[in-house]
Amino acid sequence: MKAGQAIIELNDVKLKRGSRKTLDVSHFEIHSGENVAVIGANGVGKSTLLQVIACLLRPGEGQVCVRGHVVGEDISAIKARRRMAMVLQRPYLLDATVFDNVAVGLKMRRVPEDEMRDRVDEALALFGIEHLANRHGRSLSGGESQRVSLARALVLEPELLLLDEPMSSLDVPTRMALLTELGRIIEKTQVTTVFVTHDVTEIPFLADRTVIMDGGKIVADGPVREVLRQEMRGALSQLAGATNWLLTEDGERSDVAVFVSDSTC
């Protein structure tokens, strides 16, 4: 854990839906510069955790703090959300041009026209889609649409970027290309990131810290290479049939992680 004040801190957070407890987190922090992958099977509370962090869901118990300010007491949920940007599984683009889709958040924040144009142009260039600026958002491929959605988030210059399985609807070649590209962009911009996924093969591209969830609880939390080593392998095997990860000799993540399932052994 890094020293200094956390961007986000959860303390004794509990959330129920009906009689079912969907989230039960005693303590969780995210510090500036961290890239955190949250992994687990479907229905274990990953997206719920992300929505609580994003101040879209209010927990039944406990506190969510943003830069030391308690949401709902010291800072409103709306002001807290303005520090963040979120990308969902599907892009949900507006019925407008790519430029206007990327610019929508800046327009809502009344950013001056010249600054807005410069920032949108820069965001489009970052994802290599400046040539699509005048294309209609609804005419794009899946990969292009998700690049627009990511550019729309990063153009806001958020303190915290929240990614809720943004690659899950893409075909494998497009997903691998975009994961590699996004990993380089995160490293370049130094944006703090929380990345929810159920696919362990995506972790090394975007994360340096991994959180495993089960039953609404955080059951493991640590650096990627520690989580992927022997002490965590059993938990990962239950999630995705994992039996081994092929890493570089020094244990660091490589550009392409090789995942070996039970069926191939």
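Could you please report the charge total around GLY142, scoring K, R as +1 and D, E as -1 over all other residues with beta-carbon less than 13 angstrom from its beta-carbon?
Numbers: positive: ARG90, ARG138, ARG147, ARG175; negative: GLU144, ASP171.
Computed value for this residue: +2.
Region 117-134 and region 180-204 have Cα centres lying 20 Å from one another. Taking 16 Å as the straight-line reach from the Cα of LYS14, the aspartates and glutamates in range (excluding those fewer than 8 positions away in the same chain) are ASP24, GLU29, GLU61, ASP214. In terms of its Cα atoms, region 90-157 spans 30, 21, 19 Å along the principal axes, sorted from long to short.
Proximity of backbone amide H atoms, modeled 1.01 Å from N, is registered between MET86 and LEU162 at under 5 Å, excluding neighbours fewer than 5 places apart on the same chain. Normalised radius of gyration (Cα atoms, divided by 2.2 N^0.38 Å) for region 88-223: 1.09. Annotation: amide H-H contacts under 5 Å for ALA220 (H modelled 1.01 Å from N, sequence separation of 5 or more, or interchain): ILE212.
I need the semi-axes of the equivalent ellipsoid of region 1-111: take the C-alpha gyration tensor, multiply each eigenvalue by 5, square-root it, list largest first in whole angstrom. Before the final figure, lay out the partial values.
Numbers: eigenvalues 137, 70, 43 Å².
One finds semi-axes of 26, 19, 15 Å for region 1-111.
Throughout, read-outs are computed from the coordinates displayed, never taken from laboratory work. Model, not experiment: these values are computed from the prediction. Quick reminder, even Gly has a Cβ in these numbers, built from the backbone with ideal geometry, and neighbours come from all protein chains shown.
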